[in-house]
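Worksheet for the structure shown next.
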Amino acid sequence: MWPLSFISDADFTKHIEATIRQYGDKLTPFNTKKFNKNLIDPIKLIFDKTVYGFSWEAIVKNEIFRQRDKSSNNDIGYFHQRIFQYATDCSVPKKGWDIVFTKPTGIQISDDDIVSRVFVEMKNKHNTMNSSASGKTYINMQSQLLEDDDCACFLVEVIAKQSQNIPWAVSVDGQQKKHKRIRRVSIDQFYALVTGQADAFYQMCLMLPSVIEKVVANSGAHLIPDDSVMNELNDVAQTCQSTFAMALYMLGFNNYIGFR
């Protein structure tokens, strides 16, 4: 029996397919040109290999993964935000707020407060905003409350320190600010509020691995990048009758004195 009340099996699968498509060129294979696009640090790679006891293959794969991972947070943000387009009473605007939750019968945001609308700014992790960004976001939420006295504003965090739905306290221009309708909410609490299913986020997490595996399997092996970096570096080392370390050095230092 499908355990999610707010999204069907078919729509959940479709959403995962769309999220994987967001990976775009990160799924294209790495060659040495792409591997060295922003100039790798050969000395760091050699230190890491030796100190951590990695093989050359492992250290190259780790660096490729690191480069791919740097730009994948937006793709996961797409997953967390756009899934709410399938939830009743939720919309995902093309610009502005990440999610708008509207319920004319009322949304109980705390024990003594009910509103008709909740405007959401979503962040992947609790520490991704510095004080300046936090202040700017808070001021934007204050402006929304001034325009609409029947709403609340949420900062929804996917990776929060704990499960919570509390007033968000932030320093703005050196002054501590807090308002009961500007709230800091962990994503499990937001799922529960939107869906009416207390463990909706937990159930979604349980279903996620198997559905991703099914989508990837049905998409074919072309999703798995066939990186050629190791082969190309080995070819350089053999051609120059040199070491693998020297092949790495030549990526970063090929115009330096001695390496030329």
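The values are calculated or read from the model by the stated rules, or taken from the named source; none is laboratory data. Nothing here was measured: the structure is a model prediction, and the numbers come from that model. So basically every Cβ, Gly included, is an ideal-geometry build from the backbone, and we count neighbours across all protein chains shown. Note: accessible area is taken over every heavy atom of the protein model, side chains too, but ligands, DNA and RNA are not part of it. Shrake-Rupley method; radii C 1.70, N 1.55, O 1.52, S 1.80 Å.
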Go through the range 154-194 and give me each residue that's over 14 Å from I109 (Cβ atoms), more than 22 Å from the chain's Cα centre (by Cα) and open to solvent by less than 40 Å² (accessible area, probe 1.4 Å). V170, V172
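Among F35, F6, which is hydrophobic (A, V, I, L, M, F, W, C), surrounded by 13 or more Cβ atoms within 10 Å (Cβ to Cβ) and more than 27 Å from N218 (Cα to Cα)?
On the way: F6 fails: more than 27 Å from N218 (Cα to Cα).
That would be F35, the only listed residue that is hydrophobic (A, V, I, L, M, F, W, C), surrounded by 13 or more Cβ atoms within 10 Å (Cβ to Cβ) and more than 27 Å from N218 (Cα to Cα).
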Among the listed residues P29, P42, identify the single one that is over 30 Å from F201 (Cβ atoms), of a type outside the set (S, T, Y) and in contact with a helix residue (DSSP H, G or I) (Cβ under 6 Å, 6 or more places away or on another chain). P42
How many residues of the range 89-129 are in contact with a Gly (Cβ under 9 Å, 6 or more places away or on another chain) and among the small types (G, A, S)? The answer is 1
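Return the residue satisfying two criteria in turn: it lies in the range 201-250 and is of a type in the set (G, A, S) and surrounded by 13 or more Cβ atoms within 10 Å (Cβ to Cβ), and of such residues it is nearest to the chain's Cα centre (by Cα).
The first filter runs over the range 201-250 and keeps only residues of a type in the set (G, A, S), leaving 210, 217, 219-221, 228, 237, 242, 245, 247.
Now drop any that are not surrounded by 13 or more Cβ atoms within 10 Å (Cβ to Cβ), which leaves 219, 228, 237, 242, 245, 247.
On the way: S219: 22, S228: 27, A237: 37, S242: 41, A245: 34, A247: 34 Å.
Ranking the candidates gives S219 first.
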Close pairs from the range 180-201: first among the small types (G, A, S), partner in a strand (DSSP E or B), Cβ under 8 Å, at least 6 apart: S186/V156; S186/E157; S186/N165
Of everything in the range 19-69, what is charged (D, E, K, R), under 18 Å from L251 (Cβ atoms) and outside any loop (DSSP other than H, G, I, E, B)? Give them in sequence order. K33, K34, K44, D48, K49, E57, K61, E63, R66, R68
Under 6 Å by Cβ, and 6 or more places apart or on different chains, what pairs join a residue from the range 161-173 that is of a type outside the set (S, T, N, Q) with one that is in a strand (DSSP E or B)? I166/R184; P167/R183; W168/L155; W168/I182; W168/R183; W168/R184; V170/K177
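Can you pull out the residues in the range 26-54 that are of a type in the set (S, T, N, Q) and under 23 Å from the mean Cα position of the chain (by Cα)? Show your work before the answer.
Here is the first cut: in the range 26-54, the ones of a type in the set (S, T, N, Q) are 28, 31-32, 36, 38, 50.
Hits for the range 26-54 are T28, N38.
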Among all residue pairs at least 6 apart or on different chains, which show Cβ distances below 6 Å where the first residue, located in the range 123-137, is farther than 15 Å from N74 by Cα and the second is surrounded by 13 or more Cβ atoms within 10 Å (Cβ to Cβ)? H126/E157; H126/A160; S134/V170; G135/V172; T137/E121
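Given the range 100-210, what strands (runs of 3 or more DSSP E) lie entirely inside it while holding 1 or more residues that are touching a His at 6+ places or on another chain (Cβ under 7 Å)?
Working: elements: 113-125, 151-159, 165-167, 170-172, 175-177, 182-186.
In the range 100-210, the matching strands (runs of 3 or more DSSP E) lie at 113-125, 151-159, 165-167.
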